[in-house]
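For reference, the structure is listed below as structure tokens.
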Amino acid sequence: MRASFWTDLLDFIAPRTCAICGRWLSSREECICISCICDIPFASYHLHPLDNPMARLFWGLFPVEKVAALFFYQPRTQPYHLIHDLKYHYAPEIGQYLGRLMVKRMQPHGFFDDIDAIIPMPITWLRRIHRGYNQSEEIAKGIHELTGIPIYNNVVKRHRFKHSQTKLSIRQRRENVRDAFHLNKSEKVRGKHVLLIDDVITTGSTITACAEELTKAGDIRISVLSIGLTK
Ligand SMILES: [Zn+2]
């Protein structure tokens, strides 16, 4: 009751707005309004995490375990604005919120069971300086908050790409990212089941390159989770 009073008062003084439509949020809403939540095209791959169309992106490329995404992602749709703000408009709280949202949807189905550590997809130091944070780390913080699963940062280091990924074919992307990752602390992940976190997965080539580097640790199990899956 008391918390609700203060939330209502704070909302009156400095109203919080929906990250998608910009409407004022009620004290019961967090980050996104109920109306926008209802319009999000949620994916349900976490119900069949071992075999789904997203998991098949990685079959034969590295020994993948569970794979899921929170929602399907297309340019000019509502979730697009969410990811865009997270990446380009300094909104780390959106990443943490989406991390918590994934736990609320997926934990009841056992998605996080037997995961030993979360590994946020690393970004280059230059991009981190520009953005102010690593968006995957913010998503990981939200997951950690509700599950208690530890976050391993800096296990894999990322270097700059030789070419921009945007206009390359799938084969060219794979070649481009192959040398972008470097395993830094193999002893930390050896014998563990890790959950690799990314914001959006399109072809899976970046995740694959990072996972290939992680497998060099030996005796490691890798699951993959992203906010968006490009359709
Ligand atoms: Zn809204």
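What's the long-distance tail for segment 57-126, i.e. % of Cα pairs beyond 18 Å? Please report the intermediate quantities before stating the final value.
Details: 1326 of 2415 pairs.
That tail contains 55 percent of the Cα-Cα pairs.
With the full set of protein chains in place, find how many percent of the accessible area of the chain is carbon and sulfur; take the probe as 1.4 Å.
It is 53 percent, rounded to a whole number.
Based on the alpha-carbon gyration tensor of segment 70-164, what equivalent-ellipsoid semi-axes (square roots of 5 times the eigenvalues) come out, in whole Å, largest first? Show your work: numbers first, answer last.
Values: eigenvalues 104, 69, 28 Å².
Square roots of five times the eigenvalues give 23, 19, 12 Å.
Could you tell me what a quarter of the Cα convex hull surface of segment 101-218 works out to, in nm² with one decimal place?
7.7
Using θ = phi - 60° and the Karplus curve 6.51 cos²θ - 1.76 cosθ + 1.60, what whole-Hz ³J(HN,Hα) does each residue of segment 57-73 get, with Gly and Pro shown as x?
4, 10, 4, x, 9, 7, x, 8, 9, 7, 9, 7, 9, 6, 8, 7, 10
Can you give me the solvent accessible area of GLU93 with a 1.4 Å probe, rounded to the nearest 10 Å²?
In the full protein context, GLU93 sits at about 100 Å².
Would you mind getting the accessible area per residue of the chain, heavy atoms of the protein chains only, 1.4 Å probe, in Å²?
So the chain comes to 52 Å² accessible per residue, rounded to a whole number.
For all pairs of alpha-carbon atoms in the chain, what percent lies in each bin of width 10 Å, listed from the first bin to the last filled one?
Pairs per bin, as whole percents: 8, 31, 37, 17, 6, 1.
Quick one: pull the percentage of alpha-carbon pairs in segment 14-100 with a separation above 14 Å.
Tail of the P(r) past 14 Å holds 69 percent of the pairs.
Let me spell out the model: positive unit charges on the Cβ of Lys and Arg, negative unit charges on the Cβ of Asp and Glu, origin at the Cα centre of segment 40-230. What dipole size does that give, in debye rounded to 20?
On the way: 26 positive and 18 negative charges, 136 e Å.
Here segment 40-230 has a charge dipole of around 660 debye.
The values are calculated or read from the model by the stated rules, or taken from the named source; none is laboratory data. None of these values were measured; they are calculated from a predicted model. Cβ atoms come from the backbone with ideal geometry, glycine included; neighbour counts cover every protein chain shown. We work out accessible area using only protein heavy atoms, side chains counted, and drop any ligands, DNA or RNA first. Shrake-Rupley method; radii C 1.70, N 1.55, O 1.52, S 1.80 Å.
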